[in-house]
Amino acid sequence: MQEFEFHSRGCRAVAAMLLFLALVVTAQSVAAEEIERELVDIKSVVPSIVVDLRYAGTHNAMHRALYPPSMPALIQPSVAKQLLAAQNLLRRYGCGLKIWDAYRPKSAQRQLWQFAHDNLYVANPDDGVGSMHTWGVAVDATLVDAFGRPVSMPTDFDNFTSAAVLHYHGTDPIIRSHLKLLQRAMGRNGFYGQHTEWWHFVTKKWKNYVQYQDVQVTRQSPRTAPNGKL
């Protein structure tokens, strides 16, 4: 009898634990669904934009994937409309946008922070506002031609040298003109650039999405994003 009672108590404990785990998983799923409802797939708003999420593969500084291979390029709805306007401007010049990164889950940002651990380039996800990518208000973008082929730009993605700064200091006039065209298209449609990465752009309306108490401790320069980090 005692053995049966002990067995029954053990079964109830296991059942309670399984129920708890199920609730945790459900809560995580709901949270993920809420994020997906708030963000939109850039391609659903701007079908002509080329998407090549570098953190969904190995072509990045970490040389390994941080996202699932099927992850879409997600962004806040109003930012997607800004990208549409930028794309329409670029189309007049026979060019278009390629998106290297958009919304970035905090779990991926933590992996980047652990990898670099350098405040100069990578934002600590648990310090202040963190990365603007985790709020869905930033994109990493480059130019392609009318056929979606890459054009000459200052550097490739995830280049942490002086060649990747916002203002091109090289001598190639073609690269200079491409970069100016990209910056003009993004700037005229409500984006800031970033000092250390020519490909990084943040919507000027970022404060609409970042929590108020976090905004208060952020220093924003007139022409750049709230922080100069990934």
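The values are calculated or read from the model by the stated rules, or taken from the named source; none is laboratory data. What you are looking at is a predicted structure, and each value in this text was computed from that prediction instead of being measured. Ideal geometry is used to build each Cβ from the backbone, glycine not excepted, and the neighbour counts take in all protein chains shown.
Suppose we filter segment 162-186 for residues that are loosely packed, with under 11 Cβ neighbours inside 10 Å and among the acidic types (Asp, Glu); how many remain?
Number of matching residues: 0.
With the condition kept exactly as written, say whether any residue in segment 203-219 is within 20 Å of Val51 (Cβ to Cβ), of a type outside the set (Asp, Glu), at pLDDT 95 or above and not in a helix (DSSP H, G or I). Walk me through how you get there before you give the answer.
Going residue by residue through segment 203-219, those that are within 20 Å of Val51 (Cβ to Cβ) are 203.
In the following step, the residues that additionally are of a type outside the set (Asp, Glu) were identified as 203.
Subset that is at pLDDT 95 or above: 203.
Now drop any that are not not in a helix (DSSP H, G or I), which leaves 203.
Yes; the residues of segment 203-219 include at least one that is within 20 Å of Val51 (Cβ to Cβ), of a type outside the set (Asp, Glu), at pLDDT 95 or above and not in a helix (DSSP H, G or I).
Listed residues Ala61, Ala56, Ala13; which is surrounded by 10 or more Cβ atoms within 10 Å (Cβ to Cβ), aliphatic (A, V, I, L, M), modelled with pLDDT of 50 or more and not assigned by TED's automatic domain parsing to the domain that holds Leu181? Talk me through it step by step, then tell me what you get.
Details: Ala61 fails: not assigned by TED's automatic domain parsing to the domain that holds Leu181; Ala56 fails: not assigned by TED's automatic domain parsing to the domain that holds Leu181.
Unique residue meeting the criteria: Ala13.
If I ask for residues that are under 25 Å from Ile49 (Cβ atoms), in a loop (DSSP other than H, G, I, E, B) and either over 20 Å from the mean Cα position of the chain (by Cα) or not β-branched (Val, Ile, Thr) (or both), which ones from segment 147-166 would you list?
Phe147, Gly148, Arg149, Val151, Ser152, Met153, Pro154, Asp156, Phe157, Asp158, Asn159, Leu166
Taking segment 77-114 as the search range and keeping residues that are part of a loop (DSSP other than H, G, I, E, B) and out of contact with any Asp or Glu (no Cβ under 7 Å at 6 or more places or on another chain), which one is surrounded by the fewest Cβ atoms within 10 Å (Cβ to Cβ)?
Within segment 77-114, the first condition is being part of a loop (DSSP other than H, G, I, E, B), and the residues that meet it are 92-94, 102-105.
In the following step, the residues that additionally are out of contact with any Asp or Glu (no Cβ under 7 Å at 6 or more places or on another chain) were identified as 92-93, 102-105.
Values: Arg92: 8, Tyr93: 15, Ala102: 26, Tyr103: 27, Arg104: 26, Pro105: 18.
For segment 77-114, the residue satisfying everything is Arg92.
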